[in-house]
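Take a look at the structure below.
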Amino acid sequence: MTTLFAPPVAAPSLPASAEIDAIIRLALAEDVGRGDITTAATVPPGAVARAEILQKAPGVVCGLPVVEAVFAALDRRVRFTPVVPEGSFDADAGRRVVARIEGSAAAILTGERTALNFLQRLSGVATASRRAAQLVAGTPATVIDTRKTTPGLRVLEKYAVRVGGASNHRAGLDDGFLIKDNHIRAAGGITPAVHAAQRRAAPGQVVEVEVTTLRELDEALAAGATLILLDNFSTEQMRAAVAQARGRARLEASGGIGLDNLADVARTGVDYVSLGALTHSAGVLDFSLEVIA
């Protein structure tokens, strides 16, 4: 479980190995199925190969430990050697060697696509997160992700967000209270919803509530909310909300925010800016694996 608003650190920790192993098993089952018939037909048994993974687009490299685990799942004798650190950034769109692999030719060829799929996706998320973190530098705001992740890959995509330099919101529905509009309607209003969540919250557990107007912000503050999500506020309304809250609650801006207006939102004085685009709209970074001997 991830702590709500977990900050980025110098060396973000990987998810638990059991979680990674389970994801890799599913990915390999999807791709390999009943067996890699092409490799079985063309590669002699016991053949050994050396290969390199090349970065072919500018961005942040993220997912090298996952790539290593893919090949280990196929043959633990495969040697995987990173050439660049996890999280390193390359501004050139060249052919940078990021890792070398040596061992069973069959394992390398069978695992190639699954390994590269993880690497390209996680590097894309990390690259988008790096750009977002740069855009808010010098402001009081922290960029955080959302639950708008690829099903089954959330733990890895949130890891990639941290590698890129942004922060994590809650990992799942069991990781913190976030009272949204539908909860408020079902509960009969902001005040009863906040009070009900506060009664259930463990000591120190965050209770956040969404508001859509400055009037609702006043109600949330009066109810004792200490973390409030400003849903689809304009930048002018965000500045007004910061002045109205007067530090009585932390404020998160959400909705209608992208890289084009992120810096403007951050300058309003909000504490957090949540950006679903870090995961749901992140592109992929281009990598290739080439057998060299």
For Lys56, list the aspartates and glutamates whose Cα falls under 18 Å from its own Cα; do not include residues on the same chain fewer than 8 positions away. Glu86, Asp90, Asp92, Glu112, Asp286, Glu290
In whole Hz, the Karplus estimates of ³J(HN,Hα) for the range 263-274 (6.51, -1.76, 1.60; θ = phi - 60°; x where Gly or Pro) are 4, 5, 5, 4, 6, 6, x, 5, 7, 9, 10, 8
If you take the Cα atoms of the range 137-244, find Rg, then find the Kirkwood Rh from the mean of 1/r over all pairs, what is Rg/Rh? 0.99
With every protein chain left in place, what is the accessible area per residue of the range 3-143 in square angstrom, probe 1.4 Å? 49
For the range 39-112, with +1 on Lys and Arg beta carbons and -1 on Asp and Glu, the positive-most of Ala51, Ala40, Ile101 along the dipole: Ala40
Helix-derived [θ] at 222 nm for the chain: sum -39500 (n - 2.57) over DSSP H runs of at least 4, divide by residue count, nearest 500? -12500 deg cm²/dmol
Report the one residue of Ile292, Thr213, Ser88 whose Cα lies farthest in the direction of the positive end of the charge dipole of the chain (charges on C-beta: Lys and Arg +1, Asp and Glu -1; origin at the Cα centre). Ser88
Calculate, in nm to one decimal, what Ala47 and Ala16 gain on full extension: separation in residues at 0.36 nm each, minus their alpha carbon distance. 7.9 nm
Looking only at the range 89-130, which residues have a backbone nitrogen under 18 Å from a spot 7 Å from the Cα of Thr38 in the C-beta direction? 105-118
Angstrom value of the Kirkwood radius, inverse mean 1/r, which spans all Cα pairs in the range 54-192: 17.1
Looking at the range 215-293, which trypsin sites (Lys or Arg not before Pro) are DSSP coil and have at most 16 other C-beta atoms within 10 Å of their C-beta? Arg246, Arg248, Arg267
Whole-percent carbon and sulfur contribution to the accessible surface of the chain (1.4 Å, no ligands, DNA or RNA) stands at 52
Using a Förster distance of 25 angstrom, determine the FRET efficiency expected from the C-beta separation of Thr81 and Ser281, and round it to 0.05. 0.15
Heavy-atom surface of the range 217-281, accessible at 1.4 Å and reported per residue (Å²): 41
To the nearest 20 debye, what charge dipole does the range 239-293 have about its Cα centre, counting +1 at the Cβ of each Lys and Arg and -1 at the Cβ of each Asp and Glu? 580
Eigenvalues of the Cα gyration tensor times 5, then square-rooted: what semi-axes does that give for the chain, in whole angstrom, largest first? 44, 20, 13
Tell me whether the range 1-116 comes out rounded, prolate or oblate; compute the Cα gyration tensor, take square roots of the eigenvalues as a ≥ b ≥ c, and use a/c under 1.5 as the rounded threshold. oblate
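The values are calculated or read from the model by the stated rules, or taken from the named source; none is laboratory data. What you see is a predicted model, and the numbers here were worked out from it, not measured in a lab. Cβ atoms come from the backbone with ideal geometry, glycine included; neighbour counts cover every protein chain shown. Side chains included, ligands, DNA and RNA excluded: accessible areas come from the protein's heavy atoms. Shrake-Rupley method; radii C 1.70, N 1.55, O 1.52, S 1.80 Å.
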